[in-house]
1. Can you tell me which residue among B:Arg253, B:Arg242 is touching a residue at least 40 places away in the same chain (Cβ under 8 Å), farther than 28 Å from A:His66 by Cα, more than 14 Å from chain A (Cβ to nearest Cβ) and in a helix (DSSP H, G or I)?
2. Among the helices (runs of 4 or more DSSP H) confined wholly to the stretch B:77-191, which include 3 or more residues that are over 29 Å from B:Cys240 (Cβ atoms) and touching a Phe, Trp or Tyr at 6+ places or on another chain (Cβ under 8 Å)?
3. Restricting to the stretch B:203-238, count the residues that are within 13 Å of chain A (Cβ to nearest Cβ), at negative phi and of a type in the set (Lys, Arg).
4. Counting only residues that are within 13 Å of chain B (Cβ to nearest Cβ) and in contact with a helix residue (DSSP H, G or I) (Cβ under 8 Å, 6 or more places away or on another chain), which one in the stretch A:30-51 is farthest from A:Arg11 (Cα to Cα)?
5. Applying the selection to the stretch B:1-43, what residues are of a type in the set (A, V, I, L, M), more than 21 Å from B:Gly178 (Cβ to Cβ) and in a strand (DSSP E or B)?
6. List pairs: first residue in the stretch A:77-102 and more than 7 Å from chain B (Cβ to nearest Cβ), second residue assigned to a loop (DSSP other than H, G, I, E, B) and among the aromatic types (Phe, Trp, Tyr) anywhere in the structure, Cβ distance under 7 angstrom, at least six positions apart or on different chains.
7. Applying the selection to the stretch B:212-226, what residues are farther than 11 Å from A:Met77 by Cβ and of a type outside the set (A, V, I, L, M)?
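Nothing in this text is a laboratory measurement; each read-out follows from the coordinates by a stated rule. Not measured: the values here are computed from a predicted model. Cβ coordinates were reconstructed from backbone atoms using ideal geometry, including for glycine residues, and neighbour counts include every protein chain displayed.
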Amino acid sequence: MHPEDPAEAVRESIAQILAGGLETDWRLRADDSERFHAVVKAIRASDGELTTKLRLAGFTDHPVPHDGFDQACESCMYFQVHRGWCVLPELDLPVRPEWSCNVWRV
Amino acid sequence: MANLLWLQGGACSGNTMSFLNAEEPSACDLVTDFGINILWHPSLGMELGDNLIQLLDDCVSGRTSLDILVFEGTIVNAPNGTGEWNRFAGRPMKDWVKDLSAAAGYVVAIGDCAAWGGIPATAPNPTDSEGLQYLKRRRGGFLGPSFSSKAGLPVINVPGCPAHPDWVTQILVAVATGRGDEITLDDLQRPKTFFTSFTQTGCTRNMHFAYKVSATEFGQRRGCLFYDLGCRGPMTHSPCNRILWNRQSSKTRAGMPCIGCTEPEFPFFDLAPGSVFKTQTVMGVPRDLPDGVEKNGYMKMTVAAKAASPAWAEEDIFVI
């Protein structure tokens, strides 16, 4: 555990869940606004549990190459570099820069 | 003394409200300091019925010199091109506009609707509306592409929904005081002095734009509104963050995305569900990029800016 940094503890938990083989639709990238909003809407309507968010958003613990670009949290508009945080209101999670998800956008 | 006539077509009166709130100069200043004689205005004119028709007829015939014709709202052509859905002073408004434009020294379109059709001309455009010399971005409109007023200028477009009060009064003063030939127009016939810079120019969120920090909710003081909330500031020509609204603020300063209301395509995406206040994306990249920016350059800039962003860019720096 990371009693001195709760956010890092959550990151570690997420890393373990992803490494454990959580099944997600990570190949279903939100290529247009309609798909993006469908994913966001599904997360909003969900139970809000961590694994549910990860599954619906299609999290991976590595960048996903798509449309000639490595889609990673570190280049995503919702990623705060210094906090190491995804600020998409529906996710609102501590994340690592090398991770990725379907609602990546720049 | 310059005679000014202001008429409204398919309009909500928003530009009249804006005009009456002008401060530099004010609507009263136009009369007292700049020699503008307001022949008639929908909210100020005294004449009614036959007296109004006589006033308009005198402008058309030349008995009264019509120096400036200001038009607010769309030209309504429905039904079937007759314009009968917008009758005024005994005949379709569009017939008055045709005759008065031919007699006017200058013709000024105030607001989006008069300039290029605005919201009424959005598909399916039930009133068959168009602007004076444009329908959206297509030149032509009601008066046709070759129209020029007696002073030799095409319609002067002062767009906006509404136009900022001072854009209106400053252009009217320029025309009324004989400096109309100093007004240079862009390719959409907007005065360059107002419509060359971008809404983003002077935006208090420019640092967040540069470091790619996104606002995710309305009213949030931290973050740029372009990335997620559909702000059109980087590709909209207006001085909204240079000539402030009510002398103190602007949409983007207040946490409200620019809706691009000085551009002919407004309202964008025909107000399709999900398109308002939502940045439209293709493969995760904004469909409309900042003016002049290519996709590859945008992607590279994003990666570099994210990597270089300082910690304070993620904080709320507007501390009360």
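1. Working: B:Arg242 fails: in a helix (DSSP H, G or I).
It is B:Arg253.
2. Of the helices (runs of 4 or more DSSP H) lying wholly inside the stretch B:77-191, those with at least 3 residues that are over 29 Å from B:Cys240 (Cβ atoms) and touching a Phe, Trp or Tyr at 6+ places or on another chain (Cβ under 8 Å) span B:93-103.
3. Matching residues across the stretch B:203-238 total 1.
4. So the residue we want is A:Ala30.
5. Hit for the stretch B:1-43 is B:Leu7, nothing else.
6. A:Cys86/A:Tyr78; A:Trp99/A:Phe59; A:Cys101/A:Phe59; A:Asn102/A:Trp26
7. Residues of the stretch B:212-226 that are farther than 11 Å from A:Met77 by Cβ, as a first pass: B:217-222, B:225.
Correct list: B:Glu217, B:Phe218, B:Gly219, B:Gln220, B:Arg221, B:Arg222.
A quick yes/no check of all residues on (1) over 17 Å from the mean Cα position of the chain (by Cα); (2) buried (at least 17 other Cβ atoms within 10 Å of the Cβ):
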site: B:Arg222; (1), (2): yes, yes
site: B:Gly233; (1), (2): no, yes
site: B:Thr262; (1), (2): no, yes
site: B:Phe268; (1), (2): no, yes
site: B:Leu271; (1), (2): yes, no
site: B:Gly274; (1), (2): yes, no
